[in-house]
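Participant: To start, I am sharing the structure in question, which I have written as structure tokens.
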Amino acid sequence: MALCMLCGCSRGSSSIERERATRRAQDSVRLAQCEQTVTYSDSVLQTLLPQADSLLGLFVYRRDERYEDRGHYVEKTMERRSTVGRCCLYACLDDDRRPVVISRYAGAPIRHEYITLEAEGNRLTLGGAAYRFEADGTTYETLTITGDSALAALRMVDAYAGSAVTVRLTGRGKYAYSLDTTDKNCLITTCRLCVLTSDIHRLEQQMQQASKQAEILQKRLQKQ
């Protein structure tokens, strides 16, 4: 009977050791994967960061301290072009490098609440926050589009860089115009900076998560 008990203890001990060995192997594989993620992400970041810095050099930071708590980055050419009395699409990145697209209109009131971008038979319709005021008999309207919708608008302009892009404003009235080459190039540059900064942020988060997980796994392996 004692021999049987001894054999049982031996089998139990072997089973525990096998489980420990399996956990160590699994943790070692996960640790290697985390380290690979950190190495890969860091490698890509070293390529993207200089690109973002170069693009950022084409932008200027603006904040009106009298009216704005937060500022924005706007492409220098777009910042120099007057938008007063001009129908156009204006784009910038906020302090968190998130895109903002503003439809500007001046003329008889149309109360536009949507814009539609058209190029080569493809359409994209977007809504936003509308604002309007009148001065000297002219109605000035803006439609502010943010987040994923703003990025979608910028991506469409970028996708049809070599084609005519028509902007249609709709509300109680309608108005349409074609993006001129200068505005289009500014929007494309803004899109590319936005995409780059978004990729950089994603990679930095990925690195941070992988590093934390690697630290946990290293401590666990040391205790096993």
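Participant: Find all pairs meeting these conditions: Cβ atoms under 8 angstrom apart; at least six residues apart or on different chains; first residue within the stretch 14-38 and modelled with pLDDT of 80 or more; second residue of a type in the set (Ser, Thr, Tyr) and assigned to a helix (DSSP H, G or I).
Facilitator: Between residues of the stretch 14-38 that are modelled with pLDDT of 80 or more and residues that are of a type in the set (Ser, Thr, Tyr) and assigned to a helix (DSSP H, G or I), the close pairs are Cys34/Ser211; Val38/Ser211.
Participant: Just to check your reading of the model, which residue among Tyr160, Tyr140, Tyr177 is surrounded by 12 or more Cβ atoms within 10 Å (Cβ to Cβ), out of contact with any Asp or Glu (no Cβ under 8 Å at 6 or more places or on another chain) and among the hydroxyl-bearing types (Ser, Thr, Tyr)? Break it down into steps so the answer makes sense when it comes.
Facilitator: On the way: Tyr160 fails: out of contact with any Asp or Glu (no Cβ under 8 Å at 6 or more places or on another chain); Tyr140 fails: out of contact with any Asp or Glu (no Cβ under 8 Å at 6 or more places or on another chain).
After applying the criteria, what remains is Tyr177.
Participant: Out of all the residues in the stretch 208-215, is one or more assigned to a helix (DSSP H, G or I), surrounded by 16 or more Cβ atoms within 10 Å (Cβ to Cβ) and of a type outside the set (S, T, N, Q)?
Facilitator: Yes.
Participant: What tally of residues in the stretch 143-154 results from selecting those that are within 21 Å of Glu120 (Cα to Cα) and buried (at least 18 other Cβ atoms within 10 Å of the Cβ)? Walk me through how you get there before you give the answer.
Facilitator: First, the residues of the stretch 143-154 that are within 21 Å of Glu120 (Cα to Cα): 149-154.
This time we only want the ones that are buried (at least 18 other Cβ atoms within 10 Å of the Cβ), so: 150-151, 153-154.
Of the residues in that region, 4 qualify.
Participant: Follow-up question, since we're still on this one. Could you list, in sequence order, all residues of the stretch 180-194 that are buried (at least 18 other Cβ atoms within 10 Å of the Cβ) and over 20 Å from the mean Cα position of the chain (by Cα)? It would help to see each step written out before you state the result.
Facilitator: Looking only at the stretch 180-194, we keep the residues that are buried (at least 18 other Cβ atoms within 10 Å of the Cβ), and these are 183-184, 186-191, 193-194.
Across the stretch 180-194, the qualifying residue is only Asp183.
Participant: Hey, among Thr197, Thr181, Thr190, which residue is within 15 Å of Asp42 (Cα to Cα) and at pLDDT 90 or above? Quick ask: steps written out before the conclusion?
Facilitator: On the way: Thr181 fails: within 15 Å of Asp42 (Cα to Cα); Thr190 fails: within 15 Å of Asp42 (Cα to Cα).
Step by step, each of Thr197, Thr181, Thr190 is checked, and only Thr197 is within 15 Å of Asp42 (Cα to Cα) and at pLDDT 90 or above.
Participant: So which of Leu143, Leu126 ends up being touching a Gly at 6+ places or on another chain (Cβ under 7 Å), over 21 Å from Phe59 (Cβ atoms), outside any helix (DSSP H, G or I) and not basic (Lys, Arg)?
Facilitator: Values: Leu126 fails: touching a Gly at 6+ places or on another chain (Cβ under 7 Å).
Selected residue: Leu143, the only one of Leu143, Leu126 that is touching a Gly at 6+ places or on another chain (Cβ under 7 Å), over 21 Å from Phe59 (Cβ atoms), outside any helix (DSSP H, G or I) and not basic (Lys, Arg).
Participant: For the stretch 81-103, what are the residues that are surrounded by fewer than 17 Cβ atoms within 10 Å (Cβ to Cβ) and of a type in the set (D, E, K, R)?
Facilitator: Selection gives Arg81, Arg86, Asp94, Asp95, Asp96.
Participant: Moving to a separate point now. Condition test on Thr77, is it among the hydroxyl-bearing types (Ser, Thr, Tyr), in contact with a strand residue (DSSP E or B) (Cβ under 9 Å, 6 or more places away or on another chain), closer than 30 Å to Thr144 by Cβ and surrounded by 13 or more Cβ atoms within 10 Å (Cβ to Cβ)? Step through it out loud before you land on a result.
Facilitator: On the way: among the hydroxyl-bearing types (Ser, Thr, Tyr): yes; in contact with a strand residue (DSSP E or B) (Cβ under 9 Å, 6 or more places away or on another chain): no; closer than 30 Å to Thr144 by Cβ: yes; surrounded by 13 or more Cβ atoms within 10 Å (Cβ to Cβ): yes.
When the stated conditions are applied, Thr77 does not pass them.
Participant: Looking at (1) among the β-branched types (Val, Ile, Thr); (2) assigned by TED's automatic domain parsing to the domain that holds Gly128; (3) free of Cβ contacts under 8 Å to residues at least 40 places away in the same chain, which one does Val100 not meet, given that it meets all the others?
Facilitator: In the conditions (1) among the β-branched types (Val, Ile, Thr); (2) assigned by TED's automatic domain parsing to the domain that holds Gly128; (3) free of Cβ contacts under 8 Å to residues at least 40 places away in the same chain, Val100 misses (3) alone.
Participant: Is it fair to say Thr138 is out of contact with any helix residue (DSSP H, G or I) (no Cβ under 7 Å at 6 or more places or on another chain), of a type in the set (Ser, Thr, Tyr) and assigned by TED's automatic domain parsing to the domain that holds Tyr73?
Facilitator: It is true that Thr138 is out of contact with any helix residue (DSSP H, G or I) (no Cβ under 7 Å at 6 or more places or on another chain), of a type in the set (Ser, Thr, Tyr) and assigned by TED's automatic domain parsing to the domain that holds Tyr73.
The values are calculated or read from the model by the stated rules, or taken from the named source; none is laboratory data. Predicted model, so just to flag it, every value in this text is computed and none were measured. Note: ideal-geometry Cβ built from the backbone for every residue, glycine included; neighbour counts use all protein chains shown.
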